[in-house]
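The values are calculated or read from the model by the stated rules, or taken from the named source; none is laboratory data. Quick caveat: nothing in here was measured; it's all calculated off a predicted structure. Note that each Cβ is placed from the backbone with ideal geometry, even for glycine, and that neighbours are counted across all protein chains shown. For the accessible areas, the whole protein counts, side chains as well, though only heavy atoms, and no ligand, DNA or RNA atoms are used. Shrake-Rupley method; radii C 1.70, N 1.55, O 1.52, S 1.80 Å.
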Amino acid sequence: MSDKHSEDIVYNVASKELILPADNADDDKELQRAFRKLDATLLVVLILCSVLNSMDRANLGLSKVAGLENDTGMSGGDFNVVVSAMYPTYLLFMLPSNLVLRKVGARFWLSLITIIWGIINMSMAFAKNKTDFIICRLFLGAAESGASPGATMLITL
């Protein structure tokens, strides 16, 4: 069983792209329709993840207003240290995370780091002091580092 158009398709090694014959206008329209549907689905999921990420960052600020500093014994600039603790690991793991994304694939890697991100966020509920919060935020930065750049790379492919 061979495709009737398979002999017309040429792979250009220099530009790394497939050259399709011009008489496949119906196939091109179906392919464009499939890409639009896939992009729409991906955008909904990525927007939802972005909203949850924003809620996470806003909830940390709201917890300060609700008395987090008093409950955990933080004082002065301790809360600012806790909030900022995620950025060193975020910056450190951004490139390696995207290299792993290219190796193992977006479906597996983005799903894994999103699940880990959720687990770390839930574990912050059990943090009792400044050190626990800093450790959670460091791990959160490592887990979150590949999400936004990976999603951007996924959309542009």
For this session: Any residue in segment 71-87 that's farther than 10 Å from Lys130 by Cβ and in contact (Cβ under 8 Å) with a residue 40 or more places away in the chain: show its pairings with residues that are open to solvent by less than 40 Å² (accessible area, probe 1.4 Å) and of a type outside the set (Asp, Glu) at Cβ separation under 6 Å, as long as the two are six or more apart or on different chains.
Result: Met86/Arg137; Met86/Leu140; Met86/Gly141
For this session: At least 1 residues that are over 30 Å from Arg36 (Cα atoms) in each: list the helices (runs of 4 or more DSSP H) lying fully within segment 57-157 that qualify.
Result: 68-72, 78-84, 86-104, 106-123, 130-144
Seminar exercise, completed: Of the residues in segment 101-153, those that are open to solvent by 50 Å² or more (accessible area, probe 1.4 Å) and of a type in the set (A, V, I, L, M) come to Val104, Leu112, Ile115, Ile116, Ile119, Met122, Ala125, Ile135, Leu138
For this session: For segment 63-71, state whether one or more residues are open to solvent by 70 Å² or more (accessible area, probe 1.4 Å) and within 20 Å of Leu48 (Cβ to Cβ).
Result: no
Problem set entry | Qualifying residue in segment 77-88 (condition: open to solvent by 40 Å² or more (accessible area, probe 1.4 Å), in contact with a Leu (Cβ under 8 Å, 6 or more places away or on another chain) and at pLDDT 90 or above) | yes
Exercise. Which number in (1) modelled with pLDDT under 65; (2) surrounded by 10 or more Cβ atoms within 10 Å (Cβ to Cβ) marks the one condition that Tyr11 misses?
Worked result: (2)
